[in-house]
1. So the check is Cβ under 7 Å with 6+ separation or different chains; which pairs have a first residue in the range 273-286 that's in the same structural domain as D349 (by TED's automatic domain parsing) and a second one that's basic (K, R) and more than 10 Å from ligand 2 (Cβ to nearest atom)?
2. Looking at this structure, is Y236 in the same structural domain as K314 (by TED's automatic domain parsing) and touching a helix residue (DSSP H, G or I) at 6+ places or on another chain (Cβ under 6 Å)?
3. Filter the range 144-164 down to residues that are outside any loop (DSSP other than H, G, I, E, B) and surrounded by 12 or more Cβ atoms within 10 Å (Cβ to Cβ), then give me how many there are.
4. Counting only residues that are aliphatic (A, V, I, L, M) and assigned to a loop (DSSP other than H, G, I, E, B), how many does the range 247-263 have?
5. Could you check T294 against (1) away from ligand 2 (no atom under 11 Å from the Cβ); (2) within 18 Å of R225 (Cβ to Cβ) and say which number it fails?
6. Which of the residues belonging to the range 272-289 are under 24 Å from V340 (Cβ atoms) and hydrophobic (A, V, I, L, M, F, W, C)?
7. Could you tell me which of the residues L269, L244, L281 is within 15 Å of A348 (Cα to Cα) and within 14 Å of ligand 1 (Cβ to nearest atom)?
Amino acid sequence: MKIGIYGGSFDPVHNGHIAMIKSALKSGFIDCVIVIPSVRNNFKLYANKLPPPYRLYMMKETIDGLGIKNCYVSDIEYGIEGVSYTAVVLSKLTSDEYIRDFLISNDVKKKKAEEHHEFFWIMGSDTLGTFETWYKPGEILKYASLLAAMRPGDDTDVDKAAASIRKNLGGKVEVFRLDGICCSSSEITRSGDFSLVPEPACEFIKRHALYTENTRLEGISDTARKQFFDYATWMYKYLGAKRLLHTLNVGYLSAHLADVFGCDKDKALIAGALHDCAKELPVDQQLEMAKRYTGDLFTEKKIIHSSAGATFAKEELGIEDKEILDAICYHTTGRGGMSVLEKIVYLADKIEPSRNYMDLGPIRETAEHDLDEAVRMTAAAVRNKFISQGREMHPVTMAMMSELGMIN
Ligand SMILES: [Fe+2]
Ligand SMILES: [Fe+2]
């Protein structure tokens, strides 16, 4: 097969990206496109607005939602340590084993997936002129030809740029016509006008309350911001889409609540983002990790991921801050004598934007000005659920409710 590869930040994906994919598919040069949302590319290590998993899943939902055939989204950059240079990504992606397994996992027939493939790196004609300054351009051309999109009205001298690349590096360069408009992700987020963002991406952005004041992370230190991005990438291998996005949403909301209630924003962001990090580990492993943080306090299957999460964050990420670890540990149950940070993460977990298990409007509203009352309302909802399921609350939860005046 002839396979086009299209990398980018997609922060957010917009109609220009979609036009690029569709025009490349129509060009006749390729049979399918593999889209690669960046993790740590050479130009913007931490400059993206959103950490990698949001951009990956937004792209997946968009391609699915628009029903674009022969277009697959790849997470290959999650398996690459350090900066994901194009040459490095291509060497991995074009290996026989990787591409075969990837295509088969995207429902391409085995026989087709095992054929000899030819690869094309898709790019805008404007970047063709700078290609020779990229990291190891000669190596890129060993793995793939270049497929440059020519926009209507584009006055780039594509022929000259292509001739220079052929002469200096000996690669193959093809040019195709791009039918579509010119737009930029940074202009969309700067203006707040999302009219050029495809509908499925708009829904995704709305569901997770992205590109809002909370996700701008103002007042967060550079170190915490980098940790948030790195931890989001690290958790990708341990959590499915829904839970990973949930736990990151809790990070954003916790940071916001820390602002409202005068608590350390950096710690809230990190504790919130990591609170469910251990939830999809094998139960035996969770139990063993939970024991290492809280002894025999938590043994019930639904609860152990909390204290296991504290151990996981401590041992795998080197987090030693007891306030952060305790906020992770008690996010499910609460406890007596909770710190403000613990209350924030407990609350954010139950009401982050994508949660919709009940009408959360009143709690969300209260959470903007009265932390204890919002925690009380949340605990009351949890208690009702337990009663309806005939389950008993954990003694530490009873202690929290007692302190909040919910039981005598
Ligand atoms: Fe949890
Ligand atoms: Fe959670």
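1. V283/K301
2. Values: in the same structural domain as K314 (by TED's automatic domain parsing): yes; touching a helix residue (DSSP H, G or I) at 6+ places or on another chain (Cβ under 6 Å): yes.
Here the answer is yes, as Y236 does meet what is asked.
3. Within the range 144-164, the first condition is being outside any loop (DSSP other than H, G, I, E, B), and the residues that meet it are 145-150, 158-164.
From what's left, surrounded by 12 or more Cβ atoms within 10 Å (Cβ to Cβ): 145-150, 158, 161-164.
Of the residues in that region, 11 qualify.
4. The number of residues fulfilling the criteria is 0.
5. (2)
6. The answer is A273, L274, C277, A278.
7. Answer to the check: L244.
Conditions tested, residue by residue: (1) within 21 Å of K301 (Cβ to Cβ); (2) buried (at least 17 other Cβ atoms within 10 Å of the Cβ).
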| site | (1), (2) |
| --- | --- |
| Y346 | yes, yes |
| K350 | yes, yes |
| P353 | no, yes |
| Y357 | yes, no |
| A374 | no, yes |
| I387 | yes, no |
| M393 | yes, yes |
| M398 | yes, yes |
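The values are calculated or read from the model by the stated rules, or taken from the named source; none is laboratory data. Everything numeric in this text was worked out from a predicted model, so none of it was measured. No Cβ is skipped: glycine too gets one built from the backbone with ideal geometry, and neighbour counts run over all protein chains shown.
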